[in-house]
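A.B. asks: Have a look at this one.
Here, each number is a calculation from the coordinates, and none is a lab measurement. Since we're looking at a predicted model, the values are computed, not measured. Cβ sites come from the backbone with ideal geometry, for glycine too, and all protein chains shown count toward neighbours.
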Ligand SMILES: Nc1ncnc2c1ncn2[C@@H]1O[C@H](COP(=O)(O)OP(=O)(O)O)[C@@H](O)[C@H]1O
Ligand SMILES: [Mg+2]
């Protein structure tokens, strides 16, 4: 096994990890702000992928020239982002919000319910068989030589994920909304008492998490090239795991956790075997959580005054 | 017309009735004290005025207008500041961010800077701690931050819930001198205190709350010399 092979696996792992991270952000942001594990998030992204597939057909992108293709991909990301963001806000408004003061299990079980409803919508939308998502980008190696492969679609992942993450971290750090989001996540009552419309901030958080998921759904289609109505479950589970591994509620944690999971998955399937991947990922997760229950970048609960 | 009028207010938590037909009023620029034992309903009263818990009956008027049923953020925007019991500053935000959030309703960034600077003159220690996380401040500093945060929003009425709780006597004296000065700035204050002696000394008027009901009211002096108050809340008699 050569160094090159190892580096190649790392590259694959990091690219996959970036995609996982984008989904993990949706889990961690919603958890951070209302303490809910939104089990429907993976299936929301599946619906985003269904929309992306329908739009590719409707816009005739599979037969378009390169310029139109890139423009079309940009449009897909915006439209699927808006779609998933809006749908996420609607679910919060009609399902989770009425349960805001109910015992924690009620919204959790409702989230599982929403996940099943989404899955049925997906089944109705694209059918039960896996659908292939058209290759819109040429598979040309962008790196010199033949030792390492890095194609247009790998680049696409980086080109989309990196600015979204930078944008998100700026939004949370410096904007008025970001400050309000951090305040609500630390103490919603105190936040209301300084004049923050807590419901609006929660809705905004659902929108942003959903938007990132919608963007992820487009990249997923273009990168993995197969979508199906059940894709939400496994992908959601890995992303959720990434969020917990990084420290649920922590935005850098979700990104870091996503990259770690992506790397571990790639290395495990290359060196041990595809079918052991799940077991290895979760064994590592368990070991890490035993020693750091708060996750890699999470806050120790004792810090909470 | 009084600035704040609470009329026959009832509120509670599930089967618990925390407030029973509570009526009181606060005039413009006036400092009133609310005293009462633990569990009497003082915090619930302030939370009901701010809209955090909803009224089951009765109403709250602010400047003649009913604010019953408004969402908390809307009530804050009308000019009612609230420094809640237990400080509840944002522990993982810096002092500066805490203060900026206090002025969340102020959209003019320069004005917000001036408002923060002004509040830091009242509490100079905060000015030296601007980049420190709220949670790392001492108890006294956190309490000052909690009051300062409410003041940055330029309230015309300030609700203060047990600002002296758990603080050293020297710090309490400092805090109370600031509170006493608020009325001179035209800010009306509702001061909820277990430290009844200090509160009644500052207050123009006071109310005694017992098991969710107002049982006594009068000027600060009258209450401080009332035998029942002296026995129950001033540890005399
Ligand atoms: N969140 C709550 N849930 C249920 N009961 C509460 C809650 N907060 C206060 N209570 C009850 O309401 C009553 C009044 O409490 P509170 O307003 O906190 O009194 P005080 O501030 O005077 O100590 C008490 O009986 C208390 O146990
Ligand atoms: Mg209290």
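A.B. asks: Is the C-alpha gyration tensor of the range A:157-251 telling us rounded, prolate or oblate? Criteria: a/c under 1.5 is rounded; beyond that, a/b larger than b/c is prolate, otherwise oblate.
C.D. replies: Here the range A:157-251 falls in the prolate category.
A.B. asks: Direction-averaged shadow area of the convex hull around the Cα atoms of the range A:142-208, nm²?
C.D. replies: Projected over every direction and averaged, the Cα hull of the range A:142-208 covers 6.0 nm².
A.B. asks: Normalised by the number of residues in the range B:88-154, what is the relative contact order in percent for Cα pairs under 8 Å and 6+ residues apart?
C.D. replies: The value is 54 percent.
A.B. asks: Hey, another quick one. How many angstrom lie between the Cα centre of the range A:140-195 and the Cα centre of the range B:1-62?
C.D. replies: 44 Å
A.B. asks: Which log10 I(q)/I(0) values does the range B:1-112 give at q = 0.24 Å⁻¹ under the Debye formula, counting every alpha carbon as one identical point scatterer?
C.D. replies: With one equal scatterer per Cα and no solvent, log10 I(q)/I(0) is -1.40.
A.B. asks: What are the principal axis extents of the Cα atoms in chain B, in Å, biggest first?
C.D. replies: Extents along the principal axes: 46, 40, 34 Å.
A.B. asks: Helix-derived [θ] at 222 nm for the protein assembly as shown: sum -39500 (n - 2.57) over DSSP H runs of at least 4, divide by residue count, nearest 500?
C.D. replies: -18500 deg cm²/dmol
A.B. asks: Can you work out D for the range B:88-154 in µm² s⁻¹ from Stokes-Einstein, where Rh is the Kirkwood radius over C-alpha pairs, the temperature is 25 °C and the viscosity is 0.890 mPa s?
C.D. replies: The Stokes-Einstein estimate is 217 µm²/s.
A.B. asks: Viscosity 1.002 mPa s, temperature 20 °C: give me the Stokes-Einstein translational D for chain A in µm²/s, with Rh taken as the Kirkwood radius over C-alpha pairs.
C.D. replies: In µm²/s, the coefficient rounds to 108.
A.B. asks: Right, next: Among bridges DSSP assigns within the protein assembly as shown, what percent are antiparallel (round to 5)?
C.D. replies: 55 percent
A.B. asks: Could you check the spin-label model distance between residue A:225 and residue A:162? Points 7 Å from the Cα along Cα→Cβ, value in nm.
C.D. replies: The modelled label-to-label distance comes out at 2.5 nm.
A.B. asks: Quick one: angle between helix A:176-186 and the longest Cα principal axis of chain A, in degrees between 0 and 90, rounded to 10, please.
C.D. replies: Relative to chain A, helix A:176-186 is tipped by roughly 70 degrees.
A.B. asks: Taking the protein assembly as shown on its own, what percent of its Cα-Cα pair distances exceed 44 Å?
C.D. replies: Cα-Cα pairs in the protein assembly as shown separated by more than 44 Å: 31 percent.
A.B. asks: What residues from the range B:145-174 fall in the zone where the backbone N is under 16 Å from a label point 7 Å along the Cα-to-C-beta line of residue B:108?
C.D. replies: Within reach of a label on residue B:108, which here means backbone N under 16 Å from a point 7 Å along Cα→Cβ, the range B:145-174 contributes B:152-155.
A.B. asks: If you split all Cα-Cα distances of the range A:84-170 into 10 Å bins from zero, what percentages do you get per bin, shortest first?
C.D. replies: Histogramming the range A:84-170 at 10 Å steps yields 13, 23, 27, 24, 10, 3 percent.
A.B. asks: Once a ≥ b ≥ c are taken as the square roots of the eigenvalues of the Cα gyration tensor of the range A:1-126, is the result rounded (a/c under 1.5), prolate (a/b larger than b/c) or oblate (a/b not larger than b/c)?
C.D. replies: oblate
A.B. asks: To the nearest 0.05, how large is the calculated FRET efficiency for residue A:169 and residue B:94 if R₀ is 22 Å and r is the Cβ-Cβ distance?
C.D. replies: 0.85
A.B. asks: Let me ask something additional. Counting only the backbone N, which residues of the range A:24-52 are under 19 Å from the spot 7 Å out from the Cα of residue A:58 toward its beta-carbon?
C.D. replies: The answer is A:44-52, whose backbone nitrogens lie closer than 19 Å to the label point.
A.B. asks: Continuing with the same structure: Obtain the nm distance between the two label points defined at residue A:147 and residue A:68 by a simple spin-label model: each point lies 7 Å from its Cα along the Cα-to-C-beta direction.
C.D. replies: 4.1 nm
A.B. asks: Using Cα atoms only, what is the angle between the long axis of helix A:198-224 and the major principal axis of chain A, expressed in degrees (0 to 90) to the nearest 10?
C.D. replies: Relative to chain A, helix A:198-224 is tipped by roughly 10 degrees.
A.B. asks: So for B:85, B:141, fewest C-beta neighbours within 10 Å to most, what's the order?
C.D. replies: B:85, B:141
A.B. asks: Then there is this: Over the Cα atoms of the range A:201-277, compute the convex hull volume and normalise it per residue, giving Å³.
C.D. replies: Looking at the range A:201-277, the number lands at 105 Å³ per residue.
A.B. asks: Can you compute the radius of gyration and Dmax for the range A:1-74, using only the Cα atoms, both in Å?
C.D. replies: Rg, Dmax (Cα atoms, Å): 17.4, 47.
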